[in-house]
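The values are calculated or read from the model by the stated rules, or taken from the named source; none is laboratory data. Nothing here was measured: the structure is a model prediction, and the numbers come from that model. Don't worry about glycine lacking a Cβ; one is built from the backbone with ideal geometry, like all the others, and counts go over all protein chains shown. Accessible surface is based on the protein model in full, side chains and every heavy atom, while ligands, DNA and RNA are left aside. Shrake-Rupley method; radii C 1.70, N 1.55, O 1.52, S 1.80 Å.
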Amino acid sequence: MENTLTRKRQIITAKTLTTVIGIVLSVAMPQLFHVIGAVSGTGSLPGSAFLPMHLGVFFTALLAGPAVGAVTGAVSPLLSFALTGMPSAALLPFMMIELTVYGLVCGLLKNKKMPVILKVLIAQILGRAVRAAAILIAFYGFKSTAVAPSIILSSIVSGLPGLILQWTLLPLLVYRAKGLNKYYE
């Protein structure tokens, strides 16, 4: 009984720590990309092209499961907005929805026997689809003009470098972190 309780505490501690680290990374990495944009004269382009906030969400979900992924996905954009004003208030709810779906789906696929790139691709498709539906509902259902439906396609096109980065970097990170799985099961 004592051993089982100790093990459960270790798992909760590991998942809590992973959530905090994931949120910190997901808030800090976009700032690094914005600094690069400021220094290079490209403004916010590196952030919108490479989608750095997404990396922390995907990685924590693939490492620690759906609850950690979903919480990281929901809290990261909210905390980033509170600290930095980014993403914009108009995009914030849609980004929270998208990243929560990413974290939830990747976390649910964590232990499935399939390549990491396929897990990420499935989560990307579902996250973008739910985000697109939310934007369409806001625009047509609630007559919100804060975000236009045209942003759905334009954000996918502008984020292609980030999608490619996720497809290449996340399988490597998950492979390198394989030994950490014992802390989450």
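Scanning segment 59-86 for residues that are more than 23 Å from ILE151 (Cβ to Cβ), touching a Gly at 6+ places or on another chain (Cβ under 8 Å) and part of a helix (DSSP H, G or I) turns up PHE59, THR60, ALA61, LEU62, ALA64, PRO66, ALA67, VAL68, GLY69, ALA70, VAL71, THR72. Of the residues GLN31, GLN10, the single one that is touching a residue at least 40 places away in the same chain (Cβ under 8 Å), among the polar types (S, T, N, Q), open to solvent by 90 Å² or more (accessible area, probe 1.4 Å) and assigned to a helix (DSSP H, G or I) is GLN10. The helices (runs of 4 or more DSSP H) falling completely within segment 112-185 that include 1 or more residues that are without any contact (Cβ under 8 Å) to a residue 60 or more places away in the chain, open to solvent by less than 50 Å² (accessible area, probe 1.4 Å) and more than 28 Å from ALA64 (Cα to Cα) map to 116-136, 150-158.
Scan segment 71-89 for residues that are surrounded by fewer than 23 Cβ atoms within 10 Å (Cβ to Cβ) and within 18 Å of GLY159 (Cα to Cα) and the total you get is 3. Looking at ALA49, ALA89, just one residue is assigned to a helix (DSSP H, G or I) and closer than 24 Å to ALA132 by Cβ, and that residue is ALA49.
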